[in-house]
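Input: a single structure, listed below in structure tokens.
The values are calculated or read from the model by the stated rules, or taken from the named source; none is laboratory data. The model shown is predicted, which means the values in this text are computed figures rather than measured ones. Cβ atoms come from the backbone with ideal geometry, glycine included; neighbour counts cover every protein chain shown.
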Amino acid sequence: MLWGIAIADTRVPRHESAEVEVAWTRLTCRVDGKQTVLNEDYGKVRGGLYRRHPWFGTDEHAPMPMEHDLESNAVSLRVGQDASYVWHFWAASPRATLPPGKIEGCTVKMRIKISPGALLQVGFDYWRNTTVACGAGGNNHEAGASGWYFPSADWQEAEFSDIGRQ
């Protein structure tokens, strides 16, 4: 399952107006040398507001407010509205099952726009079972995470892959 985390960068003046826009998300995996799309969503995500101090202190979370921007067909996360939370989101589509074969790794990509005062990171988790809840018996394992993506006046592509990692 692909995921993203967005936060307000409280070191930046006027971070209260910071937002992250997500136009699309995609998770692909290379299996037996072929790319397979597992999730691909446009203008939709799911998620919650998680504790920032300590970082993801518990799995308890509040609903994450989202607005749909009709002009850009993107979800807008106004992270500056409450800098005490990690705005954690994931694919709108359900967890997909990896096809059988030799798994070489996976890649998450997102088309995003980050305003001044916001930061974004992307990654994904491997799940042993597509229906068991998070954390139940070690069901999910984080594949890793990207570095932080910074504000830009333009749309950018955020990416993380575990293909070729040792």
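Condition first: out of contact with any strand residue (DSSP E or B) (no Cβ under 6 Å at 6 or more places or on another chain), farther than 22 Å from GLU157 by Cα and outside any strand (DSSP E or B). Now tell me which residues in the stretch 18-54 satisfy that. Once the filter is applied, which keeps residues that are out of contact with any strand residue (DSSP E or B) (no Cβ under 6 Å at 6 or more places or on another chain), farther than 22 Å from GLU157 by Cα and outside any strand (DSSP E or B), the stretch 18-54 yields ASP32, GLY33, HIS53, PRO54.
Could you list, in sequence order, all residues of the stretch 17-41 that are farther than 21 Å from GLN121 by Cβ and surrounded by fewer than 16 Cβ atoms within 10 Å (Cβ to Cβ)? Correct list: ASP32, GLY33, LYS34, GLN35, VAL37.
All of (1) in contact with a Leu (Cβ under 6 Å, 6 or more places away or on another chain); (2) surrounded by 14 or more Cβ atoms within 10 Å (Cβ to Cβ); (3) at pLDDT below 95 hold for ALA62 with one exception: (2). Could you list all residues from the stretch 68-109 that are under 24 Å from ARG11 (Cβ atoms) and not charged (D, E, K, R)? Within the stretch 68-109, SER76, LEU77, VAL79, GLY80, GLN81, ALA83, SER84, TYR85, VAL86, TRP87, HIS88, PHE89 meet the criteria. Taking the stretch 55-88 as the range and being part of a strand (DSSP E or B) and not aliphatic (A, V, I, L, M) as the test, the residues that pass are HIS61, PRO63, GLU67, HIS68, ASP69, SER76, TYR85, TRP87, HIS88.
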